[in-house]
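Let me begin by presenting the structure, written as structure tokens, before commenting on it.
The values are calculated or read from the model by the stated rules, or taken from the named source; none is laboratory data. Source: prediction; values computed, not measured. Cβ coordinates were reconstructed from backbone atoms using ideal geometry, including for glycine residues, and neighbour counts include every protein chain displayed.
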Amino acid sequence: MDDYAAGTTATDGLRLTERVIPLPKSISLEAQASLAMDRPATPPFPPLHDKAGWHARIEQMNTGMAAMMRDPLMALPVKFAAEILAGVMVYVTEPEVVPTENRDKALLYFHGGGLVLLAGEATGLFARMEAFANRCKVFAVDYRNPPDHPYPAALDDCVAVYRELLKTYRPDQIVISGASGGGNLAAAVPLKIRDLGLPLPAAIGLFTPEVDLTESGDTFHTNRDIDVVLRGGLPEMNALYANGADLADPYLSPLFGDFTKGFPPTFIQTGTRDVFLSNSARIHRALRRAGLETELHVWEAMPHGGFGGAPEDQEMRVEFAHFLAKHAGWAKP
């Protein structure tokens, strides 16, 4: 009998035997070390009705993430300011050295955190990272979050800031990007502004995007527990964000949007161990079926959110810079 037999196929799916997933030797030593890190188990989320419980959990996670990020990101050579644009807190950040081609450009950035976490200080730290990595002026939106401000508050905030930027920048000078939950907004905002009759930005960057809140993709099952960063899906946070709205609505799950009406050139990043890999693969196919310009970049063994600074993460930034140079006139890497 084959030692690697996966078990029998049942009518409800494939039944797997227990197995060990080894550290791949096909990635950098830094990436291997990232995958091998000890990561504490995440406790269950509070019930949806427990606002106090959610507030406490969100505060704990936001504080912990900001503390982990603070020292290295505060040391980056950038100029930073907190501003209110269209009634929304926005962290405006610019590196000390900006290539000539990028000096009249703006990156509108939406932070990750499952549409619930990482507001406040963490958003400001992400702004510093994005400005330095992308060599441009960044407007990082500190959009409102549940439980006090569920959908459509975050989407409305992001659209409002985009509308405000149009007073200073032409649409072809603006790029929108976002990671994880921010990738949801980075895909939903172009759908919303298009439907409002506003001009589309030059390009979009979707980094391991959470574009399907119904979590119907294959890798929500096949990569569960294999993704060391995000062990599985986020149904509790998705429900908290949606607040009873249909999860399949395109403004909540932009994967299901009608892209034939227009959408900017789109860069999509994921990894083979990312639980959101299916999200990236499926939105790439949806954009291609609509005849749109899009690139899907998949990194070997990469989990959700990358390797935390390994060479593969730097390669990702280079690829995005090439994409922006091609589609939005930004500086080449």
Problem - Top-ranked residue of region 301-333 - restricted to ones that are farther than 26 Å from LYS105 by Cβ and crowded, with 20+ Cβ neighbours inside 10 Å, ranked as nearest to the chain's Cα centre (by Cα) - result: HIS304
Handout entry: Criterion (surrounded by 23 or more Cβ atoms within 10 Å (Cβ to Cβ) and either modelled with pLDDT under 95 or over 26 Å from MET37 (Cα atoms) (or both)) met by exactly one of GLY257, GLY217
Key = GLY257
Exercise for the section: Run GLN314 past the list (1) over 25 Å from LEU115 (Cα atoms); (2) of a type in the set (S, T, N, Q); (3) in contact (Cβ under 8 Å) with a residue 12 or more places away in the chain and report the number of the one that doesn't hold. Expected result: (3)
Exercise for the section: Give the residues of region 266-275 that are in contact (Cβ under 8 Å) with a residue 60 or more places away in the chain and in contact with a Ser or Thr (Cβ under 7 Å, 6 or more places away or on another chain), sorted by residue number. Expected result: THR266, ILE268, GLN269, THR270, ASP274
Exercise for the section: Answer yes or no: is there a residue in region 232-245 that is modelled with pLDDT of 95 or more, in contact with a Phe, Trp or Tyr (Cβ under 8 Å, 6 or more places away or on another chain) and at positive phi. Expected result: yes
Exercise for the section: Give me the pairs, please: first residue somewhere in region 277-300 and surrounded by 21 or more Cβ atoms within 10 Å (Cβ to Cβ), second residue anywhere and charged (D, E, K, R), beta-carbon distance under 6 Å, and either six or more positions apart or on two chains. Expected result: SER278/ASP218; ASN279/ASP212; TRP299/GLU312
Exercise for the section: Looking only at region 182-191, decide whether some residue is under 16 Å from PRO303 (Cβ atoms), of a type outside the set (D, E, K, R) and crowded, with 24+ Cβ neighbours inside 10 Å. Expected result: yes
Exercise for the section: Please give the helices (runs of 4 or more DSSP H) falling wholly within region 154-248 in which 2 or more residues are within 14 Å of GLY114 (Cα to Cα) and either among the basic types (Lys, Arg) or touching a strand residue (DSSP E or B) at 6+ places or on another chain (Cβ under 8 Å) (or both). Expected result: 181-195
Practice task
List every residue pair whose Cβ atoms lie under 8 Å apart, where the two residues are 6 or more positions apart in sequence or sit on different chains, the first residue falls within region 136-154 and is without any contact (Cβ under 8 Å) to a residue 12 or more places away in the chain, and the second residue, located anywhere, is outside any loop (DSSP other than H, G, I, E, B) and not small (Gly, Ala, Ser).
Solution key: none
Problem - Hits in region 238-254 - residues which are surrounded by fewer than 22 Cβ atoms within 10 Å (Cβ to Cβ), out of contact with any helix residue (DSSP H, G or I) (no Cβ under 8 Å at 6 or more places or on another chain) and touching a residue at least 24 places away in the same chain (Cβ under 8 Å) - result: ALA239, ALA242, ASN243, ALA245
Practice task
Could you tell me whether ASP274 is within 26 Å of GLU315 (Cβ to Cβ), within 13 Å of the chain's Cα centre (by Cα) and acidic (Asp, Glu)?
Solution key: yes
Handout entry: Members of region 31-47 that are within 16 Å of PHE307 (Cβ to Cβ) and either small (Gly, Ala, Ser) or not in a loop (DSSP other than H, G, I, E, B) (or both)
Key = ALA31, GLN32, ALA33, SER34, LEU35, ALA36
Practice task
Kindly provide the set of residues from region 138-153 that are outside any loop (DSSP other than H, G, I, E, B) and either buried (at least 24 other Cβ atoms within 10 Å of the Cβ) or touching a helix residue (DSSP H, G or I) at 6+ places or on another chain (Cβ under 7 Å) (or both), ordered by number.
Solution key: VAL138, PHE139, ALA140, VAL141
Exercise for the section: Report the residue count in region 82-115 for those that are within 13 Å of ILE174 (Cβ to Cβ) and assigned to a helix (DSSP H, G or I). Expected result: 1
Problem - Hits in region 249-266 - residues which are within 15 Å of the chain's Cα centre (by Cα) and either part of a loop (DSSP other than H, G, I, E, B) or closer than 19 Å to ALA301 by Cα (or both) - result: LEU252, SER253
Fill in the blank from the handout: ASP225: passes all of (1) surrounded by fewer than 20 Cβ atoms within 10 Å (Cβ to Cβ); (2) modelled with pLDDT of 95 or more but (2)
